[in-house]
Each structure stands twice: as C-alpha cells, then as structure tokens.
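Reading through the structure tokens given below for one structure.
The values are calculated or read from the model by the stated rules, or taken from the named source; none is laboratory data. From a predicted model like this one, the values you see are computed outputs, not experimental measurements. Using ideal geometry, Cβ is built from the backbone for each residue, glycine included, and neighbour counts are taken over all protein chains shown. Note: accessible area is taken over every heavy atom of the protein model, side chains too, but ligands, DNA and RNA are not part of it. Shrake-Rupley method; radii C 1.70, N 1.55, O 1.52, S 1.80 Å.
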Amino acid sequence: MSVESTNDLSTITDEEIFNAHLGGKLTIASKMPLSTKRDLSIAYTPGVAKVSQAIADDPAKHETHTWTGRLVAVVSDGTAVLGLGNIGAAASLPVMEGKAALFKQYADLNSIPLVLNTTDVDEIVETIVRLSPSFGAVNLEDISAPRCFEIERRLIEALDMPVMHDDQHGTAVVTLAALIGAARQTKRDISSLKVVVSGAGSAGVAVTNLLLSAGVADVIVLDSRGTINRQRDDLNAVKAELAGRTNRDDVIGGLAEALEGADVVVGLSSSQFPEEAVAKMNDNAIIFALSNPTPEIMPDVAAKYAAVVATGRSDFPNQINNVLAFPGIFRGALDSGAKKITEAMKVAAAHAIADLVGDDLAADYIIPSAIDERVMPAVAAAVAAASGE
C-alpha cells in the first residue's frame, strides 16, 4: 500500500530550518567501546598495527576490515545544486550532508560528503582517484552538464568500485519505474509508447538512455532550441550521439510538434508545457512534470488531457523521487561486490520499484511512496541479482 507522511509541511519555518542545520547534519561515532586500556589496545595501538599489516599482505582485507565496504563518497563541485544552479562547493555542502544522511537512513550505508573547490574535470577526476582507498563507492551529485558525463565516464574507467551520478541515473531509474506503472494502469506496454523528453541535460540524457535500454522504441528529446534531430549542426557530442538513436521520424520543431501523437511527455527542464501543446497528445496520455518547485504544468491542468500525471513534489500524488532508487542501488552493488553499476542493474531496480505496486495500482498510485520501507530491500536484492549479468 502507499505510505503517506502525516507531517504538515506548511508549518515549517525558516528559524526551524536554520536551527536544525546548526553544526551540520552528520556526526561520526565509534562502533567499538573505548573506555578501557584493553579497548584502546584493540581499537588503536598496538592492535591496529596487526590489521594494517594484514591489509598490506592481503589487499582484499581492505574491504572487510575497514569501513570502505559500507562507505559511499558523495561528491560535488557545487555547479548544479538543486534549483539553485552554480552556487559553489561550500554552499553545496548542506545538500551533500543531507544526501549522506539519506544513505544512512534508507540503506544503512555510511557516507561522507566531499565538496571540491574546482570545476576542472581533470582535477576532479584526479582528486577522487587519489582519495579512492578511503571509500567503497562514489555518488556524484549536482555537477553540471556536459561535464558530468565525462567525469562519470572517466571515474568508472579509473576506479574498481561502483560510481553513479545520481542526478542522471537515479532520476532515470525512478522515471522508468513510474512509466512501467503508468503503462500498466493504461493497459499498454512501454515498448508501444511514443515518449517525448523535454530537457537534454544530465537527467534528460540518462532518462532517454535508460528508456531505450528498457525497450521504449520511439523517443524524441528536446533542448532549448527544439527537437534533437539529425538535421541540426549545433549539437555537442552527447546530443549528436543521441540524435542517432532517437527521433526516428526526424521531427523538426518545438514541443508542440514533438507532442503531436505522443503518448508520454517527461519534463526535465524549466520549460513550461502549454495546454495547447499537451492537447495534441494521444488519448490516455501520461504526463510526468518533474521540475521543482514549479512543475512544467500543474497536475490539475495536466489531468484534463492525461490519464496519469506525476510530479517531483511530495504534495501531489505519484512523486518521482530519487530516494526510491539510489539507496538500494548502492546497497545492492556493495552487498554483491559489484565493481560497476550497469544498465541491467538500473533496469532491474526500476522493475523492482514498479512491482511493489500491485492490486492497489491506480491513476494516483503508480509508484511507491518515497518513505515506503519495502523499497530499499527490494531494489538492493534486484540490483545484487542483476550484478552478475
């Protein structure tokens, strides 16, 4: 069943928010008692020297006898923070602390935020590679496109551990899960759907790639200049590659042209969805308006044209929230000893989320709540099972 919060969010004050963040949101506590000389001799010198020597002799013990096997580094350069944009490393730290807290709450994984005072791709990659003996996985966060694509690719190549840019792939997994639920609600298969993705930033590209991997055959992507098509000569390398795999009918124009006869639209930019454009969609349309805090089209308006509507907000039904994905993905990857997070693992995660909605499937309940306690174990198990594929 859907789990809903009973908290009244409208009563939160600025004073309450700032007081809660005084001193930060994280702390480190010892797992071991340190109250006697015996405790100290085991936890630190001389006992710890035996463990260090054992790791030097057998590097595999690094994962079992330190916290790295349960530690995720949350890394950002502060260039694309929430809806605030490029606010810098220091200003991004409260967000990264929050992400680390979510890892602990939802996946029982330790996490440490690392904000880097550089936007240089080479420096970011080199810094994380040099620090990599300190952790077991990397969650990239709030790094602007297109730099985020290269940073993630190079870290995946350089590190023998799970690396994922959550703004890309967490969003993609939950969007796919919601689309599976919406297709079931409207009695269609996702492979039959014509999908329009509005936004070609990090999330838009990742959503498109995962939808294609999951079997969606017809996807049109739009950036600020209109549809990404094979006639354009102003595309960067990422968009040019995307043009070769999407927009099979080579539709040229803007949102109105792309939505003509479309079944689904996914909003991942600040561009609004005019009613007259949405009205051109097919019957039983599916609208995901995911921009926060202002959706591309408000749900009450979207409902006039769509059978299923979802947003990124917690105060509307069908919230598409990354917390449904990333805790279980990293937990499953670390539990299984996976060295990479693959497309198969992401698709498996999406199906695990969608499959938690059963007989209670409805137009306003296509995806579990972000606080549904069943989600993380289901996703972790699915990811671990898929890690061998």
**OP:** Compute the Rg/Rh shape ratio of region 282-387: radius of gyration over Kirkwood radius, all on alpha-carbon atoms.
**Re:** 1.04
Original post:
When the Cα centres of region 26-66 and region 175-203 are compared, how far apart do they sit, in Å?
Top reply: 48
Original post:
What percent antiparallel are the DSSP beta bridges of region 182-305, to the nearest 5?
Top reply: 15
Subject >> Using distinct alpha-carbon pairs, which all enter the 1/r mean, Kirkwood radius of region 222-317 in Å >> reply: 14.0
Subject >> Residues of region 368-384 with amide N under 20 Å of a point placed 7 Å along Cα→Cβ from residue 20 >> reply: 369-373
Subject >> Antiparallel bridge percentage (DSSP; both residues within the chain; nearest 5) >> reply: 10
Original post:
Å³ per residue of the Cα convex hull, for region 16-148?
Top reply: 143
**OP:** Using only the alpha carbon atoms of the chain, find the Kirkwood hydrodynamic radius as the inverse mean reciprocal pair distance, in angstroms to one decimal.
**Re:** 22.1
Original post:
Share of region 80-127's accessible area from carbon and sulfur, percent, 1.4 Å?
Top reply: 53
Subject >> Ordering of 71-84, 269-282 by burial proxy (mean other Cβ atoms within 10 Å per residue, highest first) >> reply: 71-84, 269-282
Original post:
Quick one: Cα convex hull volume of region 122-198, Å³ per residue?
Top reply: 119
Subject >> Relative contact order computed over the chain (Cα-Cα under 8 Å; 6+ residues apart), in percent >> reply: 15
Subject >> Violating pairs (Cα-Cα greater than 21 angstrom) within the set 61/339; 31/61; 31/346; 239/339; 31/104 >> reply: 31/346; 239/339
**OP:** Select from 367, 162, 266 the residue farthest towards the positive end of the dipole of the chain; place +1 on Cβ of Lys and Arg, -1 on Cβ of Asp and Glu, and compute about the Cα centre.
**Re:** 162
**OP:** Show the residues, 5+ positions off or on another chain, whose built amide H is closer than 5 Å to the amide H of residue 142.
**Re:** 167
**OP:** Calculate the length of the line joining the C-alpha centroid of region 113-151 to that of region 71-100, in whole Å.
**Re:** 11
Original post:
Toward the positive end of the charge dipole of the chain, about the Cα centre and with charges on Cβ (Lys, Arg +1; Asp, Glu -1), which of 114, 78, 13 goes farthest?
Top reply: 114
Subject >> Cα→Cβ-extended label distance, 7 Å offset, between residue 236 and residue 260, nm >> reply: 3.0
Subject >> Expected 222 nm ellipticity per residue - DSSP helices of 4 or more, -39500 (n - 2.57), all of the chain, to 500 >> reply: -12000 deg cm²/dmol
Original post:
On full extension of the chain, what length is gained from residue 343 through residue 303, given 0.36 nm per residue of separation minus the C-alpha to C-alpha distance?
Top reply: 11.2 nm
**OP:** Under 9 Å from the Cβ of residue 356, count the other residues' Cβ atoms, weight Lys and Arg +1, Asp and Glu -1, and hand me the total.
**Re:** -1
**OP:** Give the Debye-formula value of log10 I(q)/I(0) at each listed q (0.24, 0.32, 0.33 Å⁻¹), with one equal scatterer per alpha carbon of region 208-249, two decimals each.
**Re:** -0.79, -1.23, -1.28
Subject >> residue 126/residue 153 FRET efficiency (R0 22 Å; Cβ-Cβ; nearest 0.05) >> reply: 0.90
Original post:
Translational D (Stokes-Einstein, µm²/s) of region 66-105 at 25 °C and 0.890 mPa s when Rh comes from the Kirkwood sum over C-alpha pairs?
Top reply: 224
**OP:** Quick one: pull the percentage of alpha-carbon pairs in region 158-225 with a separation above 21 Å.
**Re:** 28
Original post:
Which value, to two decimals, describes the C-alpha radius of gyration of region 166-298 once divided by 2.2 N^0.38 Å?
Top reply: 0.95
**OP:** Express the accessible area of region 47-102 per residue in Å², computed with a 1.4 Å probe while the remaining protein chains stay in the model.
**Re:** 49
Subject >> Approximate shape of region 104-253 as ellipsoid semi-axes (Cα gyration tensor, √5λ), whole Å, largest first >> reply: 31, 21, 11
